[in-house]
Amino acid sequence: MKFETLWRPDTCGCEIIYEWDDSEPESSRTHRLKRVVSTCDNHKGVSPDTLFDMVLEENRRKNLALSLAQSLVHTIKLENYSWRFDSNRVLIVEFSGLTASEMKDLQSSCNINLGAGKVIVR
Ligand SMILES: [Zn+2]
């Protein structure tokens, strides 16, 4: 059965309705764009499909940065994590309690896993 979900990502102000099917296994379930309800200033002027891809990528990048930090330092929790996007949609991340060498390792891991220049560890 097909469902529609209104998504308000925490990474920008866009509002997107996507469609998914509960007959697909959760691990490989795809979210198909149904409709862009509203577009934030950061994602103005792009086609709906491109917008959906961009918003998904940014949201995953923000979540993956936390996972990468947690795989390096197991004591890192969500409350240690703060992040924002700069005007070029580069993700700026800060983790409380990381040493300088852990920050360096995390920066390398982000460059390898998320792409060079996509994430800056502060
Ligand atoms: Zn947006």
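What the table shows:
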{"item": "The chain shape via C-alpha gyration tensor axes, a/c threshold 1.5", "result": "prolate"}
{"item": "Loop trypsin sites (Lys or Arg not before Pro), segment 36-109, which have at most 10 other Cβ atoms in a 10 Å radius of their Cβ (DSSP)", "result": "44"}
{"item": "Among 9, 28, 50 the positive-end extreme of the charge dipole of segment 1-53 (Cβ point charges)", "result": "50"}
{"item": "Magnitude of the charge dipole, segment 2-121, Cβ model with Lys/Arg +1 and Asp/Glu -1, debye to 20", "result": "200 debye"}
{"item": "Among beta bridges that DSSP assigns inside the chain, antiparallel share in %, nearest 5", "result": "85 percent"}
{"item": "Residue-averaged 222 nm ellipticity for the chain, from DSSP H runs of 4+ at -39500 (n - 2.57), nearest 500", "result": "-11500 deg cm²/dmol"}
{"item": "Cα gyration tensor category, rounded, prolate or oblate, for segment 52-103 with a/c compared to 1.5", "result": "prolate"}
{"item": "Degrees separating the helix 100-114 axis from the principal Cα axis of the chain, which is the longest one", "result": "30 degrees"}
{"item": "Hits among aspartates and glutamates - C-alpha to C-alpha of residue 104 under 16 Å, sequence gap 8 or more where chains match", "result": "94"}
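Where a number appears in this text, it was derived from the coordinates with a stated rule and is not lab data. Keep in mind that this is a model prediction, so the values were computed, not measured. FYI the Cβ positions are ideal-geometry reconstructions off the backbone, even for glycines, and counts take in every protein chain you see.
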